[in-house]
1. How are the C-alpha pair distances of the chain spread across 10 Å bins, as whole percents from the shortest bin up?
2. Less than 19 Å from a label point 7 Å out along the Cα-to-Cβ axis of residue 54: which backbone N atoms in segment 2-28 qualify, by residue?
3. Take the chain, connect every pair of alpha-carbon atoms lying under 10 Å apart with a spring to form a Gaussian network, then pick out the residue of 163, 201, 68 with the largest mean-square fluctuation.
4. Take segment 167-264, drop everything but the C-alpha atoms, weight them equally and run the Debye formula without solvent; then report log10 I(q)/I(0) at 0.11, 0.12, 0.19 Å⁻¹ to two decimals.
5. Angle between the Cα long axis of helix 140-151 and the longest principal axis of the chain, 0 to 90 degrees, nearest 10?
6. Expressed in nm to one decimal, what extension gain is obtained for the pair residue 260 and residue 183 from 0.36 nm per residue of sequence separation less their Cα-Cα distance?
7. For segment 184-205 and segment 80-142, what is the centre-to-centre distance using only Cα atoms, to the nearest Å?
8. Angle, helix 234-244 long axis vs. longest principal axis of the chain, Cα atoms, 0 to 90°, nearest 10?
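None of the figures in this text is laboratory data; all of them are computed from the coordinates on show. Remember, predicted model here, so these are calculated numbers, not experimental data. Using ideal geometry, Cβ is built from the backbone for each residue, glycine included, and neighbour counts are taken over all protein chains shown.
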Ligand SMILES: NC(=O)c1ccc[n+]([C@@H]2O[C@H](COP(=O)([O-])OP(=O)(O)OC[C@H]3O[C@@H](n4cnc5c(N)ncnc54)[C@H](OP(=O)(O)O)[C@@H]3O)[C@@H](O)[C@H]2O)c1
């Protein structure tokens, strides 16, 4: 399709998106422009053929699709300074900024234009993100293009914008929750005899395999659990003890606490 993509804010997320789009072949390096104030740190991308600039106006003038990847407190000032630059027809703005609504973006721009809000997670760095997207004022074709773009960087799903906070908790904070689960497995694994490296490999690959079973078989977790739990066996003994200690309950309470915290702030 040869669309030109600009990324305003070449930090952790912005550069991960650029790298992922290049590696997947979705866009050629020469069709990506990344900005940041200290553009010298984009040298690695520049060497691969990506265009770099410290002028955000260049990015908006250049691109069919502009990805905004700066910190939330910078959005107002940056979009305010660029509002005269966005094209009237066809240009799409994608914001990966946490906690800034489409309505707030429209207010910064002073007008409505096709806007997509996206919530990826840190696994975007290895093209394994779960990215939730919500849009307003886009055509189906524009939204599908953004969906395809994030599918190159993992999996994307369209959601209602009102679920964006919930997506942040389940999809983005979820990475930390999963890491804690894995860490606890490693600690337990060491206690029952493994060295740390072997325990880490076994715990991480087992969690990856469990997730793949659900994604590939499209089954319910309990169906997969039934296959492992021999009557009177060690798996059900362990699982039931975890539940007696509040395992599922503590996870659900943690998710809800995160959600309430976002809603309050
Ligand atoms: N990291 C994640 O996995 C993740 C996941 C979901 C959502 N998010 C959201 O994505 C956004 C970016 O996160 P991040 O972790 O990538 O932050 P980050 O590493 O701090 O990147 C932000 C970048 O913006 C650049 N910047 C600052 N002012 C600028 C300006 N006026 N013009 C152009 N670039 C400017 C900064 O570089 P200079 O200082 O050199 O300009 C910096 O490299 C945040 O809103 C975050 O909430 C991140």
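1. For the chain, the pair-distance distribution reads 6, 25, 30, 19, 13, 5, 1.
2. 7-12, 15
3. Result: 201 has the largest fluctuation of those listed.
4. -0.41, -0.49, -1.21
5. Taking the Cα atoms of the chain, the angle to 140-151 is about 50 degrees.
6. This chain segment gains 25.2 nm when fully extended.
7. 41 Å
8. 70 degrees
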